[in-house]
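Novice: Below is the structure I would like to discuss, written out as structure tokens.
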Amino acid sequence: MNRFNNPEPKLALENHLNYLLNEVKQLNFPIKLSAVAKKIGINPNPIYINQPYDASLILHDDKVRIALKIGVDNKRSLTSWERFSYAHELIHCLSYDLSSIPNKRIAPLPNKLEEEHLCNYGAIKLLLPTKVLQRYFQNIVSTGTSYMETIKEIASVSECSVPMVTMELFNVNLIKPTPNTIYILSQRGSGYQRKDIVKPRCLVSIYLDENGNKQPFLASQQGLQHVRLNDDDKKWSLLNFFERHELNQITIQNEIIYNDKTGMKATISGTHTKFTDNSLIWSELNVEKYSN
Ligand SMILES: [Zn+2]
């Protein structure tokens with residue numbers, strides 16, 4: 001990844017991706033990954049093989065190709081997760097000289113997970129280029145749409161997952177978290193790479209204290225049961241809300257919660273709201289008292 005002549009690999013990568021997207025005129029959602037693949041110099045059609053990974057790079061007839069796990073129906077379009085995996089592999093392709101036959105790796109061998117992190121970063125910037133994201137976001141929120149509805153709409157048009165869009169909107173500061181507010185996107189699921197038990201889990205959570213400093217609240221994929229009511233064994237409001245199928249929203253007032261992982265204690269008020277067309281819950285909670 002040192003080919004872009006820039007000391008900051010993430011910035012260099014993002015600049016290069018923006019250059020590619022401009023060249024292939026992909027400045028609207030959804031970003032057409034096949035156009036980017038062609039521009040990079042690889043055959044955009046994935047090869048389907050039996051492998052433990054969702055996606056990988058393989059050498060096929062001396063050429064680098066993206067391989068997707070067999071069982072993925074190649075007639076239908078890719079899911080948001082497959083698009084992310086495909087985009088991740090496209091970023092790996094930038095480490096190869098694709099004009100030599102056989103294609104050869106030219107980047108230095110990666111240091112531990114460094115290249116994986118860079119590929120994840122690049123995949124997000126390829127699927128949700130900041131300028132494009134900004135344009136859609138501003139167009140939608142200017143009509144008075146709530147953050148939750150805006151996230152849903154962008155996820156739908158960009159063909160990306162709701163958690164990825166949420167995280168990225170926070171990362172690029174399009175959604176500016178209000179100090180003293182905890183934001184949580186949660187869903188019942190089986191954790192990282194779908195390997196763990198199914199339970200309500202945090203997907204994204206952001207919390208800024210009153211000085212605007214980021215504080216840990218719940219990690220991605222962490223079970224919501226780590227937050228408890230302070231004074232007894234009853235479930236806290238969000239965990240409880242997962243069982244209230246008849247309700248679309250609940251408002252809570254002065255709930256005292258305790259995080260058994262971080263030792264954090266807080267008094268919260270706010271709302272938990274269901275996304276209408278799937279099982280996600282969006283929480284916006286004002287924090288009155290906080291201690292660690
Ligand atoms: Zn990788």
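Novice: Would you please state the base-10 log of I(q)/I(0) at q = 0.07 1/Å for the chain, with intensities from the Debye formula using one equal scatterer on every alpha carbon?
Specialist: With no solvent term, the Cα-only Debye profile gives -0.32.
Novice: Using only the Cα atoms of segment 1-147, build the gyration tensor, take square roots of its eigenvalues as a ≥ b ≥ c, and label the shape rounded, prolate or oblate: rounded if a/c is under 1.5, else prolate if a/b is larger than b/c, else oblate.
Specialist: oblate
Novice: Still on this structure, I have one more. List V132, V165 from most exposed to least, where exposure is judged by having the fewest other Cβ atoms within 10 Å.
Specialist: Going from sparsest to densest Cβ surroundings: V132, V165.
Novice: Which value at 222 nm does the chain reach when only helices count, each DSSP H run of 4 or more adding -39,500 (n - 2.57), with the total divided by all residues and rounded to the nearest 500 deg cm²/dmol?
Specialist: Calculated mean residue ellipticity at 222 nm is -9500 deg cm²/dmol.
Novice: Could you pull out every one of the lysines with an alpha carbon less than 21 Å from that of K234, ignoring same-chain neighbours closer than 8 positions?
Specialist: K199, K261, K265, K289
Novice: In debye, nearest 20, what is the charge dipole magnitude of the chain about its Cα centre with +1 on Lys and Arg Cβ and -1 on Asp and Glu Cβ, if you could check?
Specialist: 620
Novice: Subtract the Cα-Cα distance of S291 and S146 from 0.36 nm times their separation in residues, and report this length gain in nm to one decimal.
Specialist: 49.2 nm
Novice: So how do L174, L90, L13 line up by other beta-carbon neighbours within 10 Å, fewest first? Could you put the intermediate results ahead of the total?
Specialist: Numbers: L174 18, L90 26, L13 21.
In increasing order of surrounding Cβ atoms, one gets L174, L13, L90.
Novice: Taking only Cα atoms and a 10 Å spring cutoff, compute GNM fluctuations for the chain and point out the largest among L21, L169, L11.
Specialist: L11
Novice: Using a ≥ b ≥ c from the Cα gyration tensor of segment 156-292 (square roots of the eigenvalues), is it rounded, prolate or oblate, where a/c under 1.5 gives rounded and otherwise the larger of a/b and b/c decides, a/b for prolate?
Specialist: Rounded, since a/c falls under 1.5.
Novice: Most fluctuating residue of R83, R194, R65 in a GNM of the chain with Cα springs under 10 Å: which is it?
Specialist: With Cα springs under 10 Å in the chain, the top fluctuation among R83, R194, R65 is at R194.
Novice: Let me ask you something else. Using a 10 angstrom cutoff on alpha carbons, build the Gaussian network for the chain and name the most mobile of E243, E23, E89.
Specialist: Of E243, E23, E89, the Gaussian network model singles out E243 as fluctuating most.
Novice: Dipole size in debye (nearest 20) for segment 177-291 around its Cα centre, Lys and Arg Cβ +1, Asp and Glu Cβ -1? Intermediate values should be presented prior to the final figure.
Specialist: Details: 14 positive and 13 negative charges, 91 e Å.
Computed about the Cα centre, the dipole is about 440 debye.
Throughout, read-outs are computed from the coordinates displayed, never taken from laboratory work. All values derive from a computational prediction rather than experimental measurement. No Cβ is skipped: glycine too gets one built from the backbone with ideal geometry, and neighbour counts run over all protein chains shown.
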